[in-house]
Amino acid sequence: MSGPFGPGWHDPEDDGRDGGRNGGAGPGPRRFGSAGRPRIPPPRSAPEDNGPLPDPPPAVREDITRVPAPRPPGTPRPLRPPAPTPAPVHDHRVLKSLLGAWALAACSAEETAAVEAHLTDCAGCADEAVRLRDAVGLLHKEDNLDLDPLLRSRVLEGCLGRRPARIPVPEWAAPYDAESARLDALLRDMGAAEWRAPVRLRWFEEDHAVEREVTVAAVIGHLMTVDSLVAVALGLPDPLGAAAPAEHSPASRTEAYWRGGPPEQPRSLREPWRDQAHTLIRTVSFAGRGVAELEVPYGDFTLPLRDSFVDRAFECWVHAGDIAEAVDYPYEPPVPGHLNLMIDLAVRMLPAALAERRRAGLASPPRTLVAAGAPGRSLHLEVEGSGGGDWHIPLDSPAAAASQDHAVAHVALDGIEFCRLAAGHVPPEQAAAGQEGDREAIRDVLSAVASLSRL
């Protein structure tokens, strides 16, 4: 076969000027087919038959040499842009020496790119890089930047172990000292806009849940006005002044404060609230042991000062969690020792709360009449986790002695879940509890725990 179109075909325009490449030095003879007609190639298929035409290539502009116009005398010569700096070329020895810094993420961007490109080609360096990365993982674990909630307690314990405080903070005031300090650290990092973030407050009234949406600034104002109940009992100034209501209840004092409207600068509330907390801690530390039994009025009930400080620590932690949830920030629970004091206070308040619910017709009446100090029916409450313990709650009378031998029901709760129930953040029927025994007694006690919550 002599060509792409079969034997005997000859280009009719070939005049031999191609140097004889077609078999002759000059024009060759024309060749005809059997019918005397010159053979021509058959028609080829159009490009459109196999799909759309490709986009035409961009037009190529011919370079035109332009002669610059002459510069007038005295005109400075224009500066030429600097030539780009070529990327540094590292050999194997240099790249291998950078593996340690690369594993510690201490290389520059250019060095990191060069090392990682080298690791795709060098198996020996790739194995060494894996070993170094594993070794770096053993040096320190990845963690968030939030401080350990136990750090403050450990630092104070270490300092006091070396040099005991001349005037120590009472043990029952330590939870409030720690929780107010943790909340202050959260507030210190918040911006002005976050102080106006909506916070959802939740508590229980009788047998139904109540919610109210306020701002972060309003929550701090609420804490300050309720803390001032303790301040007034200690003879300290009342931040409400003449606007303080005659009724010594947290709700009435909070409503009186909120009626005054928010301050122009919400962040300005942090300083007076923190100063009042410092003053309370300092006052009870200097007052000595005799002040622990001083009564603090809460409207319908009173608490001794030592229990009132634990109550204030519990509410400070609960509302700090509400604020942290509003600004999408993690917040840890109290240390186990402080959490145990808070749970113990709530458990000691349960018999009176259960009796109050019976008087209001919200709980079943007692099964038997028990004399003061005599053993009666009880519920075994087991609080699990850090800060937990075991308690026996009298069911028939607050004055009855709780006896393990007369337990008719057993409830097991996680410590944090118990605190959420006592804060009104979870309804009694949804509390994750292990229950065994008298169902009516269990329902009454869990409802009494939720009734401890308040604004």
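Which pairs do you get when a residue that is more than 17 Å from Val232 (Cβ to Cβ), found in the range 303-320, comes within reach of a residue that is buried (at least 21 other Cβ atoms within 10 Å of the Cβ) and among the charged types (D, E, K, R), reach meaning Cβ atoms under 6 angstrom, with the pair 6+ apart or on two chains?
Going by the 6 Å Cβ cut-off, the qualifying pairs are Ala313/Glu179; Cys316/Glu179; Trp317/Glu179.
Do we have any residue at all in the range 191-204 that's surrounded by fewer than 16 Cβ atoms within 10 Å (Cβ to Cβ) and without any contact (Cβ under 8 Å) to a residue 60 or more places away in the chain?
yes
Quick one: which of Arg348, Arg357 is in contact with a strand residue (DSSP E or B) (Cβ under 9 Å, 6 or more places away or on another chain) and not in a strand (DSSP E or B)?
Going through Arg348, Arg357 in turn, just one is in contact with a strand residue (DSSP E or B) (Cβ under 9 Å, 6 or more places away or on another chain) and not in a strand (DSSP E or B): Arg348.
Name every residue in the range 271-293 that is buried (at least 17 other Cβ atoms within 10 Å of the Cβ) and touching a strand residue (DSSP E or B) at 6+ places or on another chain (Cβ under 9 Å), in order of residue number.
Ala292
Go through the range 411-454 residue by residue and tally those that are more than 18 Å from Pro334 (Cβ to Cβ), acidic (Asp, Glu) and not in a strand (DSSP E or B).
4
Can you give me the number of residues within the range 363-374 that are modelled with pLDDT under 85 and surrounded by fewer than 17 Cβ atoms within 10 Å (Cβ to Cβ)?
Of the residues in that region, 7 qualify.
If you go through the range 160-190 one residue at a time, how many are at pLDDT below 75 and surrounded by 11 or more Cβ atoms within 10 Å (Cβ to Cβ)?
Final tally of qualifying residues: 1.
Which pairs have Cβ atoms under 9 Å, sit 6 or more apart or on different chains, and link a residue in the range 265-292 that is in the same structural domain as Ala313 (by TED's automatic domain parsing) to one that is surrounded by fewer than 16 Cβ atoms within 10 Å (Cβ to Cβ) and β-branched (Val, Ile, Thr)?
From residues that are in the same structural domain as Ala313 (by TED's automatic domain parsing), the pairs are Arg282/Ile167; Ser285/Ile167; Phe286/Ile167.
Each row is one residue, and each column tells you yes or no for (1) more than 25 Å from Tyr329 (Cβ to Cβ); (2) in contact with a Phe, Trp or Tyr (Cβ under 9 Å, 6 or more places away or on another chain).
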{"position": "Trp195", "(1), (2)": "no, no"}
{"position": "Glu206", "(1), (2)": "yes, no"}
{"position": "Met224", "(1), (2)": "no, yes"}
{"position": "Val230", "(1), (2)": "yes, yes"}
{"position": "Glu247", "(1), (2)": "yes, no"}
{"position": "Val284", "(1), (2)": "yes, yes"}
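Mind checking whether some residue in the range 319-333 is among the aromatic types (Phe, Trp, Tyr) and buried (at least 19 other Cβ atoms within 10 Å of the Cβ)? Before the answer, list the steps.
First, the residues of the range 319-333 that are among the aromatic types (Phe, Trp, Tyr): 329, 331.
Next, only the ones that are buried (at least 19 other Cβ atoms within 10 Å of the Cβ) stay: none.
Checking the range 319-333: not a single residue is among the aromatic types (Phe, Trp, Tyr) and buried (at least 19 other Cβ atoms within 10 Å of the Cβ).
Of the conditions (1) touching a residue at least 24 places away in the same chain (Cβ under 8 Å); (2) part of a helix (DSSP H, G or I), Ser364 clears all except one; give me its number.
Failing condition for Ser364: (2).
In the range 399-441, what count of residues is obtained for those that are surrounded by 15 or more Cβ atoms within 10 Å (Cβ to Cβ), over 34 Å from the mean Cα position of the chain (by Cα) and within 17 Å of Ala352 (Cβ to Cβ)?
The number of residues fulfilling the criteria is 4.
Which of the residues belonging to the range 280-308 are assigned to a helix (DSSP H, G or I), touching a Pro at 6+ places or on another chain (Cβ under 8 Å) and under 24 Å from Ala355 (Cα atoms)? Quick ask: steps written out before the conclusion?
Initially, the range 280-308 is screened for residues assigned to a helix (DSSP H, G or I), giving 280-287, 289-293, 305-308.
If we keep only those that are touching a Pro at 6+ places or on another chain (Cβ under 8 Å) as well, we get 284-285, 289, 292-293, 306.
Selection gives Glu293, Arg306.
Go through Leu395, Leu421, Leu379 for me and flag whichever is modelled with pLDDT of 90 or more and closer than 21 Å to Trp317 by Cα.
Leu421
Going by the conditions given, is Val408 assigned to a strand (DSSP E or B) and under 20 Å from Gly337 (Cβ atoms)?
Answer is no for this residue.
Checking the structure you have, find out if any residue of the range 338-360 is under 22 Å from the mean Cα position of the chain (by Cα) and modelled with pLDDT under 95.
No, the range 338-360 contains no residue that is under 22 Å from the mean Cα position of the chain (by Cα) and modelled with pLDDT under 95.
For the range 375-398, which residues satisfy the criterion of being charged (D, E, K, R) and either in a strand (DSSP E or B) or surrounded by fewer than 17 Cβ atoms within 10 Å (Cβ to Cβ) (or both)? Give the steps one after another, and end with the answer.
Here is the first cut: in the range 375-398, the residues charged (D, E, K, R) are 377, 382, 384, 390, 396.
If the condition is that a residue be charged (D, E, K, R) and either in a strand (DSSP E or B) or surrounded by fewer than 17 Cβ atoms within 10 Å (Cβ to Cβ) (or both), then Arg377, Glu382, Glu384, Asp390 are the ones that fit.
Taking the options Ala242, Ala246, name whichever one is part of a loop (DSSP other than H, G, I, E, B), at pLDDT below 90 and either surrounded by fewer than 17 Cβ atoms within 10 Å (Cβ to Cβ) or at positive phi (or both).
Answer to the selection: Ala246.
Which condition from (1) touching a strand residue (DSSP E or B) at 6+ places or on another chain (Cβ under 7 Å); (2) farther than 30 Å from Thr254 by Cα; (3) basic (Lys, Arg) is the one that Arg439 breaks?
With respect to (1) touching a strand residue (DSSP E or B) at 6+ places or on another chain (Cβ under 7 Å); (2) farther than 30 Å from Thr254 by Cα; (3) basic (Lys, Arg), Arg439 is out only on (1).
Which of (1) out of contact with any strand residue (DSSP E or B) (no Cβ under 6 Å at 6 or more places or on another chain); (2) on the phi < 0 side of the Ramachandran plot; (3) at pLDDT below 90; (4) of a type outside the set (D, E, K, R) does Gly261 not meet, given it meets every other one?
The single condition Gly261 does not satisfy is (2).
The values are calculated or read from the model by the stated rules, or taken from the named source; none is laboratory data. Because the structure is a prediction, the values reported are computed rather than measured. Quick reminder, even Gly has a Cβ in these numbers, built from the backbone with ideal geometry, and neighbours come from all protein chains shown.
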